[in-house]
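All remarks here apply to the structure that follows.
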Amino acid sequence: MKQTEGTTRASARSGRSTAIGLGVLALGVSGLVHLSGLDLGSGASGPVAMIEATRMASAAAYPAVPGLPLAERIGVGEKPSAPQQAQARPDVIPFVFCDMPGWTARPPVAPFRHVNLSFDADPRAELTVAAYEDRGGLEANVNRWRGQVGAAPLSSDQIAALPVVQVLGNGEATLVEAYGPFQGMRGGRIEEGGVLGAIVSNERFTLFAKFTGPEAVLTAERDRFIEFLGSLRPGQAPSRGSSASPSAGDAESILTWTTPDGWSDEAPTSRFRERTFRRGGVEISLSLARGAVKPNVNRWAGELQMQPLDDDAVAALPTLPSMGTDAVIFEGVGPYKGMRDSSARADQRMLAAIVTIPDAGGTIATLKAVGPSAEVGASRADFAALLSSLGVRGR
Amino acid sequence: MAKKPTTLLGRIYATLGSYWLAVALLVNLFLLTWLGTLEQVDKGIHRVQEEYFESWWVLAKAGPVRMWLPGGYITMGLFTMNLLIGGLVRIRKTRRTAGVIVAHIGIALMMVGGLIEHATSKYGRVLLFEGQSDDQFEEYAGWELVIWDASERTGVTEYLIPEEDFDDLEGDDQRRFERDELPFDLVLSRFFHNCQPRRAVGSGIPTAPVVEDYFLEALPREIEEERDFRGLYVAAVTEGGAEVVETFLWGRRPIPWTVEAGGRDWAVALRRKVHSMPFSLRLEKFTKDDHPGMTMARSFSSDVTKIFPDGTEEAVHIRMNEPLRDGGLVVYQASYGPPEGQSGEPYSVLAVSRNPSDRMPWIAVSVIALGLALAMFDRLFEFIKRERGKRDRAASSGSGKTKVADAVREEAVA
Amino acid sequence: MIDRLIRGVAPLVCVLSALLLAGCSKRPVTEVEVEQARAERWSDDVVEAFAAIPVQDRGRVKPMGTYVGFRMLAANGKRKHTIPEGTGLPTDGERLDPVRWALDVIVFPEQARHYEVFLVNDSAVLEQIGLSFEGRKRRDRYSYAQLEPGRDELERRASAARAKDSKARSRIESQILALQQALFGFDLLRAIAATSTISLGEEPSGRLVELFPEAEDGGRVSLGHALERWPTILEWVQSTERGSPEAEALLGELAGLDAGVSRVISAAPFLPAIVAPADPGAEAWSNLGDLALRMKSVTGASDHASVYDAGELEAATVFGRIQLSEGDQRAAGEAILAASESLVARASARGDYGDVPLEASYYKADYFYRALTLFLLGFLAVVISWMTSRFAKMRLIGWGAGIGGLLLVSAGVTVRCLLLDRPPVATLYETILFITAVAVLVCFVMERMTKHQVGLAVGLAIGAAGMFLASRYELHEAATQGDTMGGLVAVLNTNFWLATHVVTVTMGYSAGLLAAVLGHVWVVRRLVAGFKARGEALSSEQRASLNSLGKMIYGVICFGLLFSVVGTILGGVWANDSWGRFWGWDPKENGALMIVLYELAIVHARLGGYVKHFGIATMAVLGGAVVAFSWWHVNLLGVGLHSYGFTDGVAGVLRSYYTFVAVFVLLSLVGYMAFVRPSRKPVVA
């Protein structure tokens, strides 16, 4: 084979063209590198650097809690150096419910799933209860479920006309019932399937109870499902210790408190809620938020269908000592409708307090008792005791 | 190489454009690819990519032997020059070499595309439950330190320090970061590629400063880069150095640390790099279609609504092999959950990429194919002509398959 | 020279093949006692009807013939079994194909238990489960009956092995698992029919007998009938007061039925689905277990019709008659014909049956095995033709067999495309078929153009090797997938990319392998020539021949380069479209890139004059290892192929191949120094 190379040609020419060639090449490469903004180095060096990059975010990435102790910030609590535990902060509200013969309870598989039952005779049938902060509202959720079995969406009027069932003892839940080919996430497609579900919102969470599976099982077990819904109650958090311990709050919260005798003390259900206390029909919720007194008071007034208070009226509200400062007390009676309640409950009393936590960057704590008028009235002393027991962890 | 160039410059130029260098670089790249692939078993793709290809030199592992090889930067840099000088400038330009030159141009285009991609592209993902929406995507591997005014809830201005600016801080090294808008400086030190917090009590001698009873402890890198969680010690210096507060940040829990300065609270967090999208995406419905009677997905797709800042909405269907392209971004159906055999609320994982040279491979492959085809056909016609010429003679040697060979060889023969 | 070499080798090849053919030695046959033995051969129409029953399994509808074929392959390592002479069965000496075997398992299980169709690769497996047999080889086949005493121990050890990570399992553990699977497969085949009937109980009550007038003295009824009449039984239950003595009695009365139905339901997760739904919108078929399971949601006559669609239970009833025939071959045959007809009709009604007959014919035609035979035959003929010019005509046989084999392979690949409705290459198994076909075709075309006498022989050898590899890999698929036409993962659900990227890249592999084979031939010829010439120059005839072959190798490499480059980049473009990144340094991508880089290095080394024919040929030989790495090895790196039974060896085979290549290249270099270089003259080099 003849062997030749371009070299002959290149050397035949003068060295000048070589230099030009190299020059052009160097220029081209450096231009390219510059054009592409290629930075082969490792970023800033030396002892001082400028913060150059900024970004406009539509919302804050994470809620900031000034003064949060490091252990809580990194999520290790009392259990050191265990990343798994650090991450798994289950938002589980345990529920209790009636006996379900023929059904087997399975461990919850998703953070929001609290009850997960499968039907023994046909494991494709599944009953789940999930509770979390609402996403998208009743209408979207109803139509999402209907969509899962290929049913047409309903208008808001039609949704308002859907039947209601008892859930959690008092709340009236919208009952969704639709049949069609159901595509289960776990099993295959169920041709004659369906979904039977109930959605109810309260101010703490929206509860989704969903029964899916073959249509035949759904119709056969429909009454049992309704019975199940009626029997469903938030249970005691098993791992949190008993409410009797005056241990002052929960390791997850930056607040400390002493639970009054006779009240249940339940784990938080959302990241805005620190604690829920319950006795009989009265529920006291403890929350952390940011904001001023007036908007909160007026939100409460709205929930009781009262007229908003003006500045003077707010200033005239009574106070009680708490956390080394004064808590503003608001009390009202009326038909109560929480943010996520679909309809109002009559003759309810609200007793609420706002305290601006000192040296906490404007963070406020709210304590709110709601329930039948007389019962809340009888809880006044416990409410005051709870309020005065509030403190900030580590202070 | 009958005549050697005489000047030094000329010799360098000749060497840069030589076949010798081309072969050496190809063999080196081959070795990098081969040994890198084998080492992925122990080190994972991301780390091998860093060590073998995004490097100047690499200590490659070949079975029991370790050897130094030029890394990706050197190889690709020389390769580019070799291609330009040898394959485009010095190559003889005739009708016969036209195809080869075109193919070389195609390869150069691809390398340019690769360079642009390497320098400017961003990859990440958005995880959406049905009904949920988001207007930003999170990178898989890169991290950043972010600072913002803790009282802002919407329209938050974030000040960012990319990981590259502090990932060289080992031991007592520290670097001070300033910005006029911020009433404090941050001093960063002790960067950890992967780490976990550990309680000082009962852990023997702490390997890093203890803050509120805890310190960060280095962990070996995971094979999957995504499972590495960064850590960093950070101190805020306020009021002209009068006050210094120190703590550490851990990427697994990006809940911000707050610093009070200038009468306000500032949040500081270490998180995966986040990029804004020019629109927000809301997942309406995720659909997974299984092979009948099995749990193996035949296809999966997401019905998504694209919401622009002005409020206009547009319904989009994203599925495997059919991404959404808009605003310089490409959004792919990447994955879904919950995993097979588990129940739970369905969610969809959308991969997002911002790559300006997205279409370059298409152009390059077309150019290369065109070039090679040109070379082939040119030789084919010549072959046929020649065969016709010597039809009478017995053409028993030579093969029909040598036309490509000849075409390529012409480059040298000429 | 070359003729002399060939004359030396040819007799050796002949002797070797003769030895291979004679390799089947006699083995001891024990007489078996079977109460109900099959008296005569299954008639062809019954066999065909059974094979044509559509089954939905692993995500697609396939003929029963395919389903049982893979069961047999997984157990036996081949798709046939010959009943040895001397067993005392009326059908001694009969050759059974998978369908006939399955029919025996279903209708004459007592007889089928004695078929020695369970391949044990290493007798150590038997020792582990406490069995030992006299006069058997280390790798041998055993019957279900022979293995049964060790079954408990086998199950125990299998579940221990299953608990381990597949990479941590020893060879014996993998084989224990494979054997356990094979025996389970036998049970499963039996269950297909056995679950179609249930017993009414020890002494069925009057009203039960009245309800099931079909039940004869055995007291067995078809499952279909039982489910059909379930509402009546429900009425009995509902009319009985809970906890009363009557309820107690009813429980006893229905115990048999209840146990039967429970047994059927428990088999639901394993049985193949044979009953197509009437609803055209539904995709999932039911097996008998599913049908029984659905009965649980029936509450009475009113909703019975909504649980079962029209004719579903009737189809089950008809199918049940096969089992009810109880060893009456004629009755069983008729029942099979009827069952096949009714099940086919259900599938046809919804358009699911379309491809089933074609697939049945695909397995009947056995394209690839026949192609293997033809290629071997052709190769033998060509080798004989080399021995002496008197046999030159044998080349024609070589050509005929080669073209016949190529046509068979192409036909097989085409039928697969038609069946699966996708381009020819999507799975590893299909790459073997396609790569072989392309390499053989290129060889034949080359031979036609150059008349080298090398192309034909190499083509035939590659064809035979490829088909052999395919049959080995099919065994692996049988053990792990139970099919070679399984469903694809979502990302492969695109005919455009399968047709472009996968096909081009595979053609690149094909060319790389072909160049490697030709490289071996060139190096051996050159070295032998150099050895003979003892330092003298080669004759011009030799030089011309070697030159021309050398050019051919280079041409094949360039051909491979074209396809590898385009295919690899197209792969990147696909990845860019599917996952949003052009290149991810994924092992499979890297493998393709390695081929490209390697071939580019060869091309540039030649252009630079650093290598000539000898160098190119040697590099091509090494290139074979590069292709093997990217074709097979990268798949072993990550998730790892399951090392069940027959493919213990993939990694081992690769290692031996690499060693062979290394030794070959080393020897060629030594040879080069000894016989080629000193001459200084050869124009060839």
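The values are calculated or read from the model by the stated rules, or taken from the named source; none is laboratory data. All values reported here derive from a predicted model rather than from experimental measurement. Counting neighbours? That spans all protein chains shown, and the Cβs are built from the backbone with ideal geometry, glycine included. Ligands, DNA and RNA are stripped out before the accessible areas are found, and what is left, the full protein with its side chains, is counted by its heavy atoms. Shrake-Rupley method; radii C 1.70, N 1.55, O 1.52, S 1.80 Å.
Just want the answer: with Cβ charges of +1 for Lys and Arg and -1 for Asp and Glu, which residue in C:LEU177, C:ALA651, C:VAL596 is farthest toward the dipole's positive end in chain C?
Ranked along the dipole, the leading option is C:VAL596.
For chain B, modelled as a GNM with alpha-carbon contacts under 10 angstrom, which of B:ILE107, B:ILE384, B:ILE91 fluctuates the most?
For chain B, modelled as a Gaussian network with Cα springs under 10 Å, the answer is B:ILE384.
Using only the alpha-carbon atoms, how far is helix B:19-43 inclined from the longest principal axis of chain B? Give it as 0 to 90 degrees, nearest 10.
40
Can you run phi through the Karplus equation (6.51, -1.76, 1.60; θ = phi - 60°) for the range C:141-152 and list ³J(HN,Hα) in whole Hz, with x for Gly and Pro?
10, 9, 9, 4, 5, 5, 7, 3, x, x, 4, 4
Quote the Stokes-Einstein diffusion coefficient, in whole µm² s⁻¹, for chain C, based on the Kirkwood radius over alpha carbon pairs, a temperature of 25 °C and a viscosity of 0.890 mPa s.
86
Search the structure for amide H atoms under 5 Å from the amide H of B:TRP266, placed 1.01 Å from N in the peptide plane, and list their residues when 5 or more places away or on another chain.
Amide H neighbours of B:TRP266: B:ALA150, B:VAL259, B:GLU260, B:ALA261.
Could you tell me how many degrees, from 0 to 90 and to the nearest 10, lie between the Cα long axis of helix C:312-324 and the main elongation axis, the longest principal axis, of the Cα atoms of chain C?
Taking Cα atoms only, the helix is inclined about 80 degrees.
Which residues, if any, in the range C:257-296 lose at least 50 square angstrom of accessible heavy-atom surface (probe 1.4 Å) when the other protein chains sit next to their chain rather than the chain being alone?
C:GLU283, C:LEU293
Pick from B:ARG190, B:ARG11, B:ARG388 the residue whose mean-square fluctuation is largest in a GNM of chain B, springs joining Cα atoms under 10 Å.
Maximum among the listed residues: B:ARG388.
What is the dipole size for chain B, taken about its Cα centre, with +1 at each Lys and Arg Cβ and -1 at each Asp and Glu Cβ, in debye to the nearest 20?
3940
Cα atoms only: what Rg and Dmax, in Å, come out for the protein assembly as shown?
Values for the protein assembly as shown (Cα only, Rg and Dmax): 38.8, 124 Å.
Share of Cα-Cα pairs in the range B:141-274 beyond 20 Å, in percent?
Values: 3972 of 8911 pairs.
Pairs farther apart than 20 Å: 45 percent.
Inside 10 Å of the C-beta atoms of B:28-40, what's the mean count of C-beta atoms belonging to other chains?
6
How well do other chains shield peptide B:360-372, expressed as the mean number of their Cβ atoms within 10 Å of each residue Cβ?
Rounded to a whole number, the mean comes out at 4.
Modelled label-to-label distance, C:ASP122 and C:THR659, 7 Å Cα→beta-carbon offset: nm?
For the pair C:ASP122/C:THR659, the computed spacing is 1.6 nm.
Per residue of chain C, what 222 nm ellipticity follows from adding -39500 (n - 2.57) for every DSSP H run with n ≥ 4, rounded to the nearest 500?
Computed mean residue ellipticity for chain C: -21000 deg cm²/dmol.
Can you tell me the Rg and the Dmax, both Å, for the Cα atoms in chain B?
That works out to 28.5, 100 Å for Rg and Dmax.
Calculate the spin-label point distance for C:ILE403 paired with A:ALA289, positioning each point 7 Å from the Cα along the beta-carbon direction, and give it in nanometres.
It works out to 8.8 nm between the two label points.
Can you give the accessible area per residue of the range C:366-488, in Å², using a 1.4 Å probe?
38
Taking 30 Å as R0, compute the FRET efficiency from the Cβ-Cβ separation of B:VAL245 and A:ASP326 and round it to 0.05.
Numbers: r = 30 Å, r/R0 = 1.00.
Efficiency, from the Cβ-Cβ distance: 0.50.
Which residues of the range C:31-77 end up with at least 10 Å² less accessible area in the presence of all protein chains than when their chain stands alone, using a 1.4 Å probe?
By number: C:GLN56, C:ARG58, C:GLY59.
Please give the Cα centre distance for the range C:121-189 versus the range C:299-378, rounded to the nearest Å.
Cα centroid of the range C:121-189 versus Cα centroid of the range C:299-378: 31 Å apart.
Out of the range C:161-195, which trypsin sites (Lys or Arg not before Pro) are coil in DSSP terms and have no more than 13 other C-beta atoms within 10 Å? Walk me through the intermediate numbers first.
Details: sites: C:ARG162, C:LYS164, C:LYS167, C:ARG169, C:ARG171, C:ARG190; in loops: C:LYS164, C:LYS167, C:ARG169.
Sites meeting the loop and neighbour criteria: C:LYS164, C:LYS167.
Just in the range B:343-383: which trypsin sites (Lys or Arg not before Pro) are loop by DSSP and have at most 13 other Cβ atoms within 10 Å?
On the way: sites: B:ARG354, B:ARG359, B:ARG379; in loops: B:ARG359.
Within the range B:343-383, the qualifying trypsin sites (Lys or Arg not before Pro) (loop, at most 13 other Cβ atoms within 10 Å) are B:ARG359.
For the interface of B with A, what's the total buried accessible surface in square angstrom, probe 1.4 angstrom, rounded to the nearest hundred? Intermediate values should be presented prior to the final figure.
Working: alone 24410 and 22130 Å², together 38710 Å².
That pair of chains buries around 7800 Å² in total.
Compute the Cα gyration tensor for the range B:298-372, then decide on rounded, prolate or oblate, letting a ≥ b ≥ c be the square roots of its eigenvalues: rounded whenever a/c is under 1.5, prolate when a/b is larger than b/c in the other cases, and oblate in all that remain. Present the calculation step by step, with values, prior to reporting the outcome.
Working: a/c = 3.18, a/b = 1.52, b/c = 2.09.
Here the range B:298-372 falls in the oblate category.
Report, as an integer, the average count of C-beta atoms from other chains found within 10 Å of each Cβ along C:448-459.
2
Along the positive direction of the dipole of the protein assembly as shown (beta-carbon charges: Lys, Arg +1; Asp, Glu -1; about the Cα centre), which of A:MET306, C:VAL438, A:GLY334 reaches farthest?
Most positive-ward Cα: C:VAL438.
To the nearest 0.05, how large is the calculated FRET efficiency for C:ARG229 and C:ASP328 if R₀ is 25 Å and r is the Cβ-Cβ distance?
0.50
If we count every other residue with Cβ under 13 angstrom of C:ILE129's Cβ, Lys/Arg +1 and Asp/Glu -1, where does the sum land?
Details: positive: C:ARG151, C:ARG156, C:ARG157; negative: C:ASP122, C:GLU127, C:GLU148, C:ASP152, C:GLU153, C:GLU155, C:GLU173.
Counting the neighbours of C:ILE129, the net charge comes to -4.
Between B:ALA62 and residues 5 or more places away or on another chain, which pairs have amide H atoms under 5 Å apart, with H built 1.01 Å from N, and which residues are they?
The answer is B:MET67.
What's the whole-number percent of alpha carbon pairs in the range C:493-685 lying beyond 29 angstrom?
Details: 5951 of 18528 pairs.
That fraction is 32 percent.
Could you let me know the centre-to-centre spacing of the range C:536-605 and the range B:22-43, using Cα atoms, in angstrom?
16
Rounded to the nearest whole Å², what accessible area per residue is found for chain B with the 1.4 Å probe? Write out the running numbers ahead of the final one.
Details: 18010 Å² over 414 residues.
Here the per-residue accessible area is 44 Å².
Give me the accessible area buried between chains B and C, both sides summed, with a 1.4 Å probe, in Å² rounded to the nearest 100.
Counting protein atoms only, the buried area is about 5300 Å².
Quick one: net charge of C:THR240's neighbours, Cβ under 12 Å, K/R +1, D/E -1?
-4
Using R₀ = 56 Å, calculate the FRET efficiency as 1/(1 + (r/R₀)^6) where r is the Cβ-Cβ separation of C:LEU358 and A:ARG233; round to 0.05.
So the FRET efficiency works out to roughly 0.40.
With angles folded into 0 to 90 degrees, how steeply does helix C:2-21 sit against the dominant principal axis of chain C? Use alpha carbons for both and round to 10.
Taking the Cα atoms of chain C, the angle to C:2-21 is about 20 degrees.
Mind checking the full-extension length gain between B:VAL349 and B:ARG153? Use 0.36 nm per residue of separation minus the Cα-Cα distance, one decimal, nm.
Numbers: separation 196, 0.36 × 196 = 70.56 nm, distance 2.62 nm.
Fully extending the segment from B:VAL349 to B:ARG153 adds 67.9 nm.
I'd like the interface area for chains A and C: accessible area of each alone minus the complex, both sides summed, 1.4 Å probe, protein heavy atoms only. What is it in Å² to the nearest 100? Walk me through the intermediate numbers first.
Values: alone 22130 and 31600 Å², together 52740 Å².
For chain A against chain C, roughly 1000 Å² becomes buried.
Peptides C:237-243, B:230-236, C:341-347: what's the order by average Cβ count within 10 Å, highest mean first?
Sorting C:237-243, B:230-236, C:341-347 by mean packing, highest first, produces B:230-236, C:341-347, C:237-243.
Tally up the carbon and sulfur contribution to the accessible surface of chain C as a whole percent, 1.4 Å probe, everything protein left in place.
59
Can you pull out the chymotrypsin sites (Phe, Trp or Tyr not before Pro) in the range B:13-117 that DSSP calls coil and that have at most 14 other Cβ atoms within 10 Å?
Those satisfying the criteria are B:TRP56.
Multiply the residue separation of B:ARG179 and B:ARG325 by 0.36 nm, subtract the distance between their alpha-carbon atoms, and state the gained length in nm to one decimal.
Net length gain for the segment: 49.0 nm.
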